[in-house]
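Please read the structure below before turning to the comments.
The values are calculated or read from the model by the stated rules, or taken from the named source; none is laboratory data. Just so it is clear, the model here is predicted, and its values are computed rather than measured. Backbone-built Cβ (ideal geometry, glycine too); neighbour counts: all protein chains shown.
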Amino acid sequence: MQAKRTVLAILRVQPARDLVESLMQPVSDEHETMWEDILESEMESDHRLRHPRRMPSAAAQESAYRLEDIRS
């Protein structure tokens, strides 16, 4: 999966008729900047997938409301 993402990122940075032509093109400073931006966004999205934001714990609210309070 990572190899496919890398190939797609390369094609976004250096579009060409085919992959070989894309890989054989000389790399410019603009390509390097685009590549760094792609890597940063991939790392951010990977981090968000691995560490989703959590809702506040129900344990913190447990002291205020208990099941016994609701039943009575």
Residue list for region 11-27, filter: without any contact (Cβ under 8 Å) to a residue 24 or more places away in the chain and either touching a strand residue (DSSP E or B) at 6+ places or on another chain (Cβ under 8 Å) or part of a helix (DSSP H, G or I) (or both): 11, 19, 20, 21, 22, 23, 24
Condition met for residue 10 (modelled with pLDDT under 65 and among the β-branched types (Val, Ile, Thr)): no
Yes/no for residue 17 being modelled with pLDDT under 90 and surrounded by fewer than 10 Cβ atoms within 10 Å (Cβ to Cβ): no
